[in-house]
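Peer 1: Provided herewith is a single structure, encoded as structure tokens, for subsequent inquiry.
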Amino acid sequence: MSVVLATGGYDHTIRFWEAPSGKCTRIIKFTDSQLNRLEITPDKQFIAAAGNSIIRVYEILSNQSNTLPQTDPVQQPALTIDGHTANVTSIGFQQEGRFLYSGSEDGTVKVWDLRNPKYCRSFDAGSAVNSVTLRTDREEFISGDANGFVKIWDFGGKGCINSLNPSSGSSGDRRSKSAFEGNIAIQAVDISEDSRTLVAVGNHGTVYAWDPSGGGAAASSTAQHYDQEQLTEADIRIVSVLRPITKFSAFLPGQYCLHAKIAPDCRHLVTTGSNGTAKLWDTATWELTQTLPNEKWVWDAAFCADSSYLVTASSDHVARLWNLRTGDVVRQYRGHQSAVTCVALNDSNA
């Protein structure tokens, strides 16, 4: 399989697509709930589907129909992961596919050994977890939660090793604090594949970016820009680990961020939102480079392996393939009966 493209939505279906033609080749019924997230294993053998409190892992079959879509209404999952007690909002696989990690509105980040349906690690974030990402050069997870915190978790068992609320003022923001500002939910977190850029996006659209390498003269210089009287010992430790790069608003007042992702080539950040757009931001200058218009809310987006194409998932029931060199829609994937809320794409050669 050279390309695996799948979408999921409020119609309780997972649809697989022939990417070049736009033809739907297979449908799996996900009867548990709406689909919140999809993730494909690095070897393209399995797809994980996250819904309300449950994760199901299905085999990706290679003998898909070449004519009409093949519907598998009763296909049994290869693995059912049942351990969360609320919506599962984020999932991902470790690079070798040995374990799966997840975040949930039940306030936990969990790690699952795929040989056993029971979690092997569980971390309590203290509030609903909206997003989780894996730092590949270290055994660390990064989460964003409804209380506005970005937290770094040690996979080895030390728990939360760093915690930061960027909207509260401790990240160097000199605005006056308020109860509202201190609780702006973090909707998305992601770290670049080279581990040099970490981003968090609040649900009102503020983008925060850090250099997570930290340390040394860079961190000392950055610390001078903080209000030293407000810095706690924990804040000083954060400064030494996360060096602020920039902060900007990706959305207008009254609009909401729904997802954000750094491209595999680390050169762009995509943000999607309630204004019906996916926006591309240059991670060197943090300038807006492209705006990709959809008809309704854009819930999710996925880059291809070389970062030249992007697939968006929208409330208008359509997923779209965009050529990022031209900004044009190359293909539209139609067939969902309600909002398309998640998309997964794996076209890597690995």
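The values are calculated or read from the model by the stated rules, or taken from the named source; none is laboratory data. The model shown is predicted, which means the values in this text are computed figures rather than measured ones. A quick note on method: Cβ atoms are made from the backbone with ideal geometry, for glycine too, and the neighbour counts reach across all protein chains shown. Accessible surface is based on the protein model in full, side chains and every heavy atom, while ligands, DNA and RNA are left aside. Shrake-Rupley method; radii C 1.70, N 1.55, O 1.52, S 1.80 Å.
Peer 1: Considering region 250-350, what Rg and Dmax in Å follow from its alpha-carbon atoms?
Peer 2: Cα-based Rg and Dmax for region 250-350 come out at 12.8, 42 Å.
Peer 1: Okay, moving on. Quantify, in whole percent, the carbon and sulfur part of the accessible surface of region 263-304 (1.4 Å probe; protein heavy atoms only).
Peer 2: For region 263-304, the apolar C and S fraction of the accessible surface comes to 50 percent.
Peer 1: Going by accessible area, probe 1.4 Å, with all protein chains left in place, what is the ranking of Asp316, Asp306, largest first?
Peer 2: Result of the area sort, largest leading: Asp306, Asp316.
Peer 1: Ordering Arg115, Arg15 from largest to smallest accessible area (1.4 angstrom probe), what's the sequence?
Peer 2: From most exposed to least exposed: Arg115, Arg15.
Peer 1: Sticking with this one: Within region 250-325, which trypsin sites (Lys or Arg not before Pro) sit in a loop by DSSP and count at most 10 neighbouring Cβ atoms inside 10 Å?
Peer 2: Hits after loop and neighbour filter: Arg325.
Peer 1: Report the far tail of the P(r) of region 5-48, meaning the percent of Cα-Cα pairs longer than 12 Å.
Peer 2: Of the Cα pairs, 61 percent sit more than 12 Å apart.
Peer 1: Here is a follow-up. Give the accessible surface of region 86-145 per residue, rounded to a whole number of Å², with probe radius 1.4 Å and ligands, DNA and RNA excluded.
Peer 2: With the other protein chains kept in place, region 86-145 gives 39 Å² per residue.
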